[in-house]
Amino acid sequence: TIITKVQQRLKDWVYYDGPITGYYGEQTTTAVIKFQRKHGLNAEGYLGPLTLEKIGISAHSSPAYQNSNDLNLLAKCVYAEARGEPYAGQVAIAAVVLNRVKDPNFPNTISGVIYQPWAFTAVDDGQINLQPNQTAYNAARDALNGWDPTYGCTFYYNPSTSTNQWIFQKPIVTQIGRHVFCR
């Protein structure tokens, strides 16, 4: 995957000292930020096309599970669940879907995760059928390319609107906008 390639390159160049896992966690983000600072890029820890180009990886590489249907459905989920949230929060929603795809406790496809019964309010109330905007597509692509601002979370909720007591027991990793991300 792109993340494996990024980790290997950054390890070769002594920006990254962790294991090559293909997981875009905190260690990889820190290494990317160091690389970006050194090369005069915007140091956000985000693997955009310019950063990937400087690392020497084609931005057109993509995970094996990505196709136009996956991208469209992921963008619909982002738009339905997170329109109005900061951009990183929109990427985070897509990252949660992808983290679930990788987790053996969830379905192993994007559509399986999104349409799992009672998993997403936007599916239950029909908002999944709204037409996503370009920002939602960009956020979905960024998550597919490895940006995970949740550090591997598989759950999120809005503490102002959630009534599910079960979710409140999950350990919180971060908050982005109005959503809390947890494992």
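The values are calculated or read from the model by the stated rules, or taken from the named source; none is laboratory data. Every value quoted in this text rests on a predicted model; they were computed, and no experiment measured them. All Cβ positions, glycine included, derive from the backbone under ideal geometry; neighbour counts span all protein chains shown. Heads up: the accessible areas ignore ligands, DNA and RNA and are worked out on the full protein's heavy atoms, side chains in. Shrake-Rupley method; radii C 1.70, N 1.55, O 1.52, S 1.80 Å.
So, in the stretch 91-105, exactly how many residues are open to solvent by 10 Å² or more (accessible area, probe 1.4 Å) and within 16 Å of residue 157 (Cβ to Cβ)?
So the count comes out to 2.
Residue check, residue 135 against (1) under 16 Å from residue 178 (Cα atoms); (2) part of a helix (DSSP H, G or I); (3) hydroxyl-bearing (Ser, Thr, Tyr), all met but one. Which one?
Result: residue 135 passes all but (1).
Each row is one residue, and each column tells you yes or no for (1) modelled with pLDDT of 95 or more; (2) among the β-branched types (Val, Ile, Thr).
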position	(1), (2)
83	yes, no
95	yes, no
101	no, yes
105	no, no
114	yes, yes
121	no, yes
132	yes, no
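How do the pairs read when you match residues in the stretch 118-147 that are within 12 Å of residue 92 (Cα to Cα) with residues anywhere that are in a loop (DSSP other than H, G, I, E, B) and open to solvent by 30 Å² or more (accessible area, probe 1.4 Å), using Cβ under 8 Å and keeping only pairs 6 or more apart or on different chains?
Going by the 8 Å Cβ cut-off, the qualifying pairs are 136/83; 142/46; 144/62; 144/66; 146/1; 147/46.
Of (1) open to solvent by less than 50 Å² (accessible area, probe 1.4 Å); (2) outside any helix (DSSP H, G or I), residue 84 satisfies all except one. Which?
Among (1) open to solvent by less than 50 Å² (accessible area, probe 1.4 Å); (2) outside any helix (DSSP H, G or I), the lone unmet condition for residue 84 is (1).
So for the stretch 138-159 (the condition being open to solvent by 20 Å² or more (accessible area, probe 1.4 Å), over 27 Å from residue 50 (Cβ atoms) and outside any strand (DSSP E or B)), does at least one residue qualify?
Yes - at least one qualifying residue is present in the stretch 138-159.
Find all pairs meeting these conditions: Cβ atoms under 8 angstrom apart; at least six residues apart or on different chains; first residue within the stretch 148-162 and at positive phi; second residue modelled with pLDDT under 95 and of a type in the set (Phe, Trp, Tyr).
From the stretch 148-162, the pairs are 152/23.
Just the residues that are in contact with an Asp or Glu (Cβ under 8 Å, 6 or more places away or on another chain), farther than 19 Å from residue 15 by Cα and either at pLDDT 75 or above or not small (Gly, Ala, Ser) (or both), please, taken from the stretch 43-63.
None - no residue of the stretch 43-63 is in contact with an Asp or Glu (Cβ under 8 Å, 6 or more places away or on another chain), farther than 19 Å from residue 15 by Cα and either at pLDDT 75 or above or not small (Gly, Ala, Ser) (or both), so the list stays empty.
Can you tell me which of (1) closer than 23 Å to residue 3 by Cβ; (2) in contact (Cβ under 8 Å) with a residue 40 or more places away in the chain; (3) surrounded by fewer than 20 Cβ atoms within 10 Å (Cβ to Cβ); (4) not basic (Lys, Arg) is the one residue 112 doesn't meet?
(2)
How do the pairs read when you match residues in the stretch 1-24 that are over 11 Å from residue 57 (Cα atoms) with residues anywhere that are open to solvent by 80 Å² or more (accessible area, probe 1.4 Å) and not in a helix (DSSP H, G or I), using Cβ under 6 Å and keeping only pairs 6 or more apart or on different chains?
Taking only residues 6 or more apart or on different chains, the pairs are 22/1.
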